[in-house]
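Worksheet: one structure, shown below.
The values are calculated or read from the model by the stated rules, or taken from the named source; none is laboratory data. Only a predicted model underlies this, so the values are computations on that prediction, with no experimental measurement involved. We place every Cβ from the backbone using ideal geometry, glycine too, and count neighbours over all the protein chains shown.
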Amino acid sequence: MKDRDRIDIRHGARGTRYRVRWTDDAGRHSRTFPTEAEARAFLSEIELKQLRQTYRTPDTITVGEVITEHIERSEGRVQPSTIRGWHQYLRDHVPASLKRRRVMEVQTRDWQRWVDSLSAKGLKPGTVQPVVSMVMGALNAAVRMGSVETNTLRGVQLPTIRQKGMTVWTHAETAAMLRTTRPDPKWHLVYTLGLFTGMRPGELRAVQWDDIRDGVLHVRRTVAKRADQGVTVRDGTKRGKGRHIRLAAPVLDALERWREVAPQGPYLWGEKPLPNMSWHRQHTALCEEAGVPRITLHEIRHTYATLQLQNGVHPKIVSEVLGHSKIEITLDLYTHVSTSMQESAAELLATSLLDATTDD
């Protein structure tokens, strides 16, 4: 650390702030943080980079360096498949001319041209958005670490993703599937778990007996694809965090029926997770037998959420059971349900007020 590298405490209308000042070959720089801990962590990061000779002044760091560092820092915190996808995005969709540019030179209009070029070369909105999201995350991280001053990617207009129609089972169709699977303890448990917990298919396939204690299911692992197209069981869920789900009586009953005949092994299904292909084959046959639409395995999860919201369960509770990071995700996914709930609530309020103001 140079003698002039330090942390100043500043008091103002926004409260106490901590300004880090440091010096490099390009001159003096500063960055302000809301807490002293963040300021000290940032200054320590700079010192470490200088010792390792990996430090770059904010004036010279390039777009490619920012993205690459973000990907490397994310390893171990996100799914390996996500890391592989980011590397592919960087290789295929961020041109070399953009990677070489200094971040400080790239303005919002430049980023907009890049986003527009992705659409122009035929990428669908559903592909453009995650590519831009990766770069956005890298720039946000660089701003937090002081590598760059501002994130000029903010404000670009992204192509609109048209939401696909969501197919779910009705109450009657859900009941029909549960009746159809009742004679088979294994498949009855599979569908009871899915329809009463809203787990993702990969999470359901990876449940172990030890994950269930005192009537609570601890969702803490999932089946994930490997680079060689095989599968592995990964600790953590899609969002990286586990969650706890209180099991309803029908699930506990299905568990007990299956336990009596289940094969030995740590998983509910034996020595290994539930095979995906056999579930798909069985799903097709069961849907036909029950006389219900053949929805996807993931739409079983959507069915759970839709039915719960229609039953008046608070969206916050549904969001927590599903494992969504924000309640807004739940509300956005199930707008059709929340809209009908609002209409019902408005009618209920109108009725109650009308009754209260009507003379006997």
### Task
Confirm whether VAL148 is among the aliphatic types (A, V, I, L, M) and part of a helix (DSSP H, G or I).
no
### Summary
Apart from one, (1) among the hydroxyl-bearing types (Ser, Thr, Tyr); (2) within 17 Å of CYS287 (Cβ to Cβ); (3) at pLDDT 90 or above all hold for THR167; the odd one out is (3)
### Task
Could you tell me whether PRO201 is farther than 30 Å from PRO34 by Cβ, exposed (fewer than 15 other Cβ atoms within 10 Å of the Cβ) and in contact with a Leu (Cβ under 8 Å, 6 or more places away or on another chain)?
no
### Task
Determine whether the range 120-133 contains at least one residue that is surrounded by fewer than 18 Cβ atoms within 10 Å (Cβ to Cβ), small (Gly, Ala, Ser), touching a residue at least 12 places away in the same chain (Cβ under 8 Å) and farther than 30 Å from ASP235 by Cβ.
no
### Message
Suppose we filter ALA285, ALA224 for residues that are modelled with pLDDT of 95 or more and among the aliphatic types (A, V, I, L, M); which single one remains?
### Response
ALA285
### Filter result for THR152 (in contact (Cβ under 8 Å) with a residue 40 or more places away in the chain, more than 29 Å from LEU309 (Cα to Cα) and surrounded by 14 or more Cβ atoms within 10 Å (Cβ to Cβ))
yes
### Query
If a residue has to be in contact (Cβ under 8 Å) with a residue 24 or more places away in the chain, exposed (fewer than 15 other Cβ atoms within 10 Å of the Cβ) and among the polar types (S, T, N, Q) to count, how many in the range 63-97 make the cut?
1
### Task
Can you give me the number of residues within the range 254-296 that are of a type in the set (Asp, Glu), in contact (Cβ under 8 Å) with a residue 60 or more places away in the chain and part of a helix (DSSP H, G or I)?
1
### Task
Take LEU139 and decide whether it is in a loop (DSSP other than H, G, I, E, B), modelled with pLDDT under 95 and either more than 17 Å from the chain's Cα centre (by Cα) or among the aliphatic types (A, V, I, L, M) (or both).
no
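Yes or no, residue by residue, for (1) assigned by TED's automatic domain parsing to the domain that holds LYS225; (2) charged (D, E, K, R); (3) at pLDDT below 90; (4) at positive phi:
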residue	(1), (2), (3), (4)
ALA249	yes, no, no, no
ALA262	yes, no, no, no
GLU320	yes, yes, no, no
HIS336	yes, no, yes, no
SER352	no, no, yes, no
ASP355	no, yes, yes, no
